[in-house]
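Participant: Before I ask anything, here is the structure I am working with.
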Amino acid sequence: MNRKDIGNIIKTRRKSLNISQQILADLSEVGINTLVAMERGTGNYKIGTLLSVLNTLGLQVKITLKD
């Protein structure tokens with residue numbers, strides 16, 4: 001999964017919850033520009049920022065280790 005895929009998931013979930021980008025940014029305690037970049041699949045952001053947005057949306061990350 002790449003940044004574009006993650007951005008699409010965030011955007012789709014946000015819209016399904018019927019909340020604006022500004023509200024999500026405020027609830028997640030991230031900047032609006034960071035959130036917009038995330039949804040577009042661009043920009044560099046920390047994993048903590050991503051986790052904050054995902055948590056606010058009721059989503060989680062699953063990490064699997066390769067052998």
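Participant: So what's the net charge close to M38: Lys and Arg +1, Asp and Glu -1, counting the other residues with Cβ under 15 Å from its Cβ? The partial results should precede the final answer.
Facilitator: Working: positive: R3, K4, K11, R13, R14, K15, R40, K46; negative: D5, D26, E29, E39.
That works out to +4.
Participant: If you roll a 1.4 Å probe over the heavy atoms of the protein chains, what accessible area per residue do you get for the chain, in Å²? Present the calculation step by step, with values, prior to reporting the outcome.
Facilitator: On the way: 4930 Å² over 67 residues.
Per residue, the chain has an accessible area of 74 Å².
Participant: While we're here: Spelling out what I want: for every residue of region 53-67, take phi, set θ = phi - 60°, compute 6.51 cos²θ - 1.76 cosθ + 1.60 (Karplus), and round to whole Hz; glycine and proline get x.
Facilitator: Result, ordered by residue: 5, 4, 4, 4, 7, x, 10, 9, 9, 10, 10, 10, 8, 7, 6 Hz.
Participant: Another one. Connecting C-alpha atoms closer than 10 Å in a GNM of the chain, tell me which of L50, L27, L35 has the biggest fluctuation.
Facilitator: Comparing L50, L27, L35 in a Gaussian network model of the chain, the most mobile one is L27.
Participant: Then there's this: If you compute P(r) over Cα pairs in 5 Å bins from 0, in percent for the structure shown, which of [x] 4, 18, 22, 17, 11, 8, 8, 6, 4, 2, 1; [y] 3, 18, 32, 28, 11, 4, 2, 1, 0; [z] 3, 20, 31, 24, 14, 6, 2, 0 do you land on?
Facilitator: Checked against the structure: label [y].
Participant: Let me ask something additional. Counting pairs on different chains as well as pairs 8 or more places apart, how many Lys pairs in the chain have Cα atoms under 20 Å apart? Don't jump to the answer; show the numbers that get you there.
Facilitator: Working: K4/K15; K4/K46; K4/K62; K11/K46; K11/K62; K46/K62.
Counting lysine pairs in the chain gives 6.
Participant: Right, another one. Grab the other residues whose beta carbon is less than 12 angstrom from that of N55, score K and R as +1, D and E as -1, and report the net. Could the numbers behind the result be given before it?
Facilitator: Numbers: positive: R13; negative: E29.
Local charge sum for N55: 0.
Participant: A further question follows. Among S52, L24, I6, pick out the residue whose Cα is farthest towards the positive end of the charge dipole of the chain, where Lys and Arg carry +1 and Asp and Glu carry -1 on C-beta, about the Cα centre.
Facilitator: Going by the Cα projections, it comes out as I6.
Participant: Shifting gears a bit: Report the charge-dipole magnitude of the chain in Debye, nearest 20, computed about the Cα centre from +1 at each Lys and Arg Cβ and -1 at each Asp and Glu Cβ.
Facilitator: Details: 10 positive and 5 negative charges, 44 e Å.
Rounded to the nearest 20 debye, it is 220 debye.
The values are calculated or read from the model by the stated rules, or taken from the named source; none is laboratory data. These figures come from a predicted structure and were not determined experimentally. Cβ coordinates were reconstructed from backbone atoms using ideal geometry, including for glycine residues, and neighbour counts include every protein chain displayed. These area figures cover heavy atoms from the full protein model, side chains too; ligands, DNA and RNA do not enter into them. Shrake-Rupley method; radii C 1.70, N 1.55, O 1.52, S 1.80 Å.
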